[in-house]
Amino acid sequence: MNSVPQVTCRTRSRRPLWFFVGLGVAGLVLAVARLVGTGGVPDRWVAAGACVLVPIGVVGMYGLAVRVHADARGLSYRTLLRRRSVAWGDVADVRVHVQYVRSGELYRVHVVTRGGRTRRLPLPFGTAADDRSEFDATVEALRALHREHGAPESDHLAVLTKGTAGRGLRLPAFLCVLFLAGAVLAACFVPAVAEKKLAWTSAVPCAEGPGRDADCLTYLPGVVERTDVARGKGQSWVYLTGGRPVERVSVSKEGASGFEEGDRVELTVWRRQVREIVGEHHAWREHFPAAGEVTVIAAMSALIAAYPAALIVLRRRARRRPADEMLPSPLPFAGALVGTAVWALPYCYTHPTLVPGSPAGAAWAGAGSLLSVGLFALAWRATRIRTAGADGTPQAPVDTGAEDVFLPARFLEATEYNPNGFGTHIVLGGGEPAVLPHAGPGRFAARPIPVERLTVRTVRRPRGGDGDLVPRSWDIAELDDAGRPVRLAAAPADLARILSAFTADDTPTVAAGSDG
């Protein structure tokens, strides 16, 4: 291996950064000069310009100051406000994290120390849309320095995507706490909403004479002067002639569109606010939410919070697995939550206090709870961390004289028998194993696999660096193709059958390997 003396990363395009710095300095100088010239009286336009230009200058200064340097002594980096360094002996691993931003995927380099702390380097970074050759070369140079002067914990480049075991728990924890707080807040409003709804439905007309209670209903006549129907989601108004009994009333868009100029209406006042406007041909009534509606909102927030909680549980279950190993999909938990919502949301609407008021309600809650427990038990089983190659299904011997069997599988490297990664299936049985771009029938466009050159090294679970074409439920066999590493991905049962066909025996001779 060739020794890498040092690696230095700086911002590539520096001229635009100097231009940004110039803009920031110009904006600051102009603002100060204007402030001095006016005797300390600020000019709002100059101040606004400075508020725009100075941050641009700060961004330019940050881009000029950022630098990452690595040599035999260790790794150091600096930004505009801080400098940090770490010796190679304290570095456990150099990884690539994939961040999902609005423009696509952003690849960043993270350094993991012996204490388990992760530090993100400001440089280099790459995107999925651009050529990543320079980024990959820089990462490989950093890993070469680490191998030469340190002791890496992993012999391969760990790529952490959104489905890997090593992703952080901060975002799921934040979302879980956020939606749980929303559920608690909504639940706190249930008694008040129920009390207000009950008071409105039980309100009676006010008695004649002084001393009327605000909880009673007062009916006042009026004439519609005009209506203002808002466009979009704005507020609509009904204006009354002469401002009597009130100048205007805020109504819904549909409520305002039903009234016309000159309509004689009757206004219902309750608790010092107009709650109804009733005319000869149209009526508007204020909507009072029921307690069940608020309870449904609280229940929905709690169910949504349960999904990031499931992500946390999945990653905690895989805490002893390699950081870049792909975890099972959390969709079974999403299905369990949807199944729970099917019975829980109608129950919450009809039972706002969650207490069943009848035997039918108790049976409803009991049956629904048992259904949810069963669904979550199935989801827990479906998302268990499976060991690579431990399918346990006995495989039938491959009969070379039998009919062709087409198995979904992919070689992840481009070879002469898999040019440009065109293969999606492997055919076994009626002839020598071959790669095809289809699921049959027939061996059209088949490329024979030189099984005599292939040696199985290990079978492992998918990693973040294996790409998006590998489902999480598949396994990957690492093969040696005459000295060249080749990866073959397939479902565990199919992979065992394919490896059996690649060997002289009828049963696989490969055990599950370490994911390292």
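Okay, residues lined up against (1) modelled with pLDDT of 90 or more; (2) not in a strand (DSSP E or B):
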site: Gln99; (1), (2): no, no
site: Glu105; (1), (2): no, no
site: Arg108; (1), (2): yes, no
site: Val111; (1), (2): yes, no
site: Gly115; (1), (2): no, yes
site: Pro122; (1), (2): yes, no
site: Gly126; (1), (2): no, no
site: Asp130; (1), (2): no, yes
site: Glu140; (1), (2): yes, yes
Among the candidates Ala70, Ala48, Ala87, Ala92, single out the residue that is open to solvent by 20 Å² or more (accessible area, probe 1.4 Å), modelled with pLDDT of 90 or more and small (Gly, Ala, Ser). Ala87
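Residues checked against (1) in contact with a Ser or Thr (Cβ under 7 Å, 6 or more places away or on another chain); (2) farther than 30 Å from Arg463 by Cβ; (3) modelled with pLDDT of 95 or more:
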{"position": "Pro210", "(1), (2), (3)": "no, yes, no"}
{"position": "Val246", "(1), (2), (3)": "no, yes, no"}
{"position": "Phe259", "(1), (2), (3)": "yes, yes, no"}
{"position": "Ala306", "(1), (2), (3)": "no, no, yes"}
{"position": "Ala309", "(1), (2), (3)": "no, no, yes"}
{"position": "Arg319", "(1), (2), (3)": "no, no, no"}
Cβ contacts < 7 Å: first residue part of a strand (DSSP E or B), restricted to the stretch 66-85; second residue among the β-branched types (Val, Ile, Thr) and open to solvent by 60 Å² or more (accessible area, probe 1.4 Å), any location; separation 6+ or different chain. Result? His69/Thr8
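Quick check, is Leu180 in contact with a Cys (Cβ under 9 Å, 6 or more places away or on another chain) and either within 24 Å of Ala290 (Cα to Cα) or not basic (Lys, Arg) (or both)? Break it down stepwise before answering.
On the way: in contact with a Cys (Cβ under 9 Å, 6 or more places away or on another chain): no; either within 24 Å of Ala290 (Cα to Cα) or not basic (Lys, Arg) (or both): yes.
So Leu180 does not fit the description; no.
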Counted residues in the stretch 50-77 being on the phi > 0 side of the Ramachandran plot and under 31 Å from the mean Cα position of the chain (by Cα) come to 0
Which of (1) out of contact with any Gly (no Cβ under 6 Å at 6 or more places or on another chain); (2) closer than 14 Å to Val29 by Cα is the odd one out, the single condition Ala50 does not satisfy? (1)
Note on Val238: of the conditions (1) over 30 Å from Cys348 (Cβ atoms); (2) among the β-branched types (Val, Ile, Thr); (3) within 44 Å of the chain's Cα centre (by Cα), unmet is (3)
I want to confirm something. Restricting to the stretch 145-164 and keeping residues that are open to solvent by less than 10 Å² (accessible area, probe 1.4 Å) and among the small types (Gly, Ala, Ser), which single residue is farthest from the chain's Cα centre (by Cα)? Ala158
Here the residues within the stretch 174-227 that are hydroxyl-bearing (Ser, Thr, Tyr) and in contact with a helix residue (DSSP H, G or I) (Cβ under 8 Å, 6 or more places away or on another chain) are Thr227
How many residues are farther than 22 Å from Arg83 by Cα and not aromatic (Phe, Trp, Tyr) when one looks only at the stretch 100-153? 24
Tabulated pairs, the stretch 430-442, first under 16 Å from Phe502 (Cβ atoms) and part of a loop (DSSP other than H, G, I, E, B), second among the acidic types (Asp, Glu) and open to solvent by 30 Å² or more (accessible area, probe 1.4 Å), C-beta under 8 angstrom, 6+ apart or interchain: Gly431/Asp404
Considering each of Tyr100, Tyr107 in turn, give the residue that is among the hydroxyl-bearing types (Ser, Thr, Tyr) and out of contact with any strand residue (DSSP E or B) (no Cβ under 7 Å at 6 or more places or on another chain). Tyr100
List pairs: first in the stretch 3-22 and over 13 Å from Leu123 (Cβ atoms), second open to solvent by less than 40 Å² (accessible area, probe 1.4 Å) and in a strand (DSSP E or B), Cβ under 8 Å, 6+ apart or cross-chain? Pro5/Asp71; Gln6/His69; Gln6/Ala70; Gln6/Asp71
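The values are calculated or read from the model by the stated rules, or taken from the named source; none is laboratory data. No experiment lies behind these values; they were computed from the predicted model shown. Cβ sites come from the backbone with ideal geometry, for glycine too, and all protein chains shown count toward neighbours. Accessible surface is based on the protein model in full, side chains and every heavy atom, while ligands, DNA and RNA are left aside. Shrake-Rupley method; radii C 1.70, N 1.55, O 1.52, S 1.80 Å.
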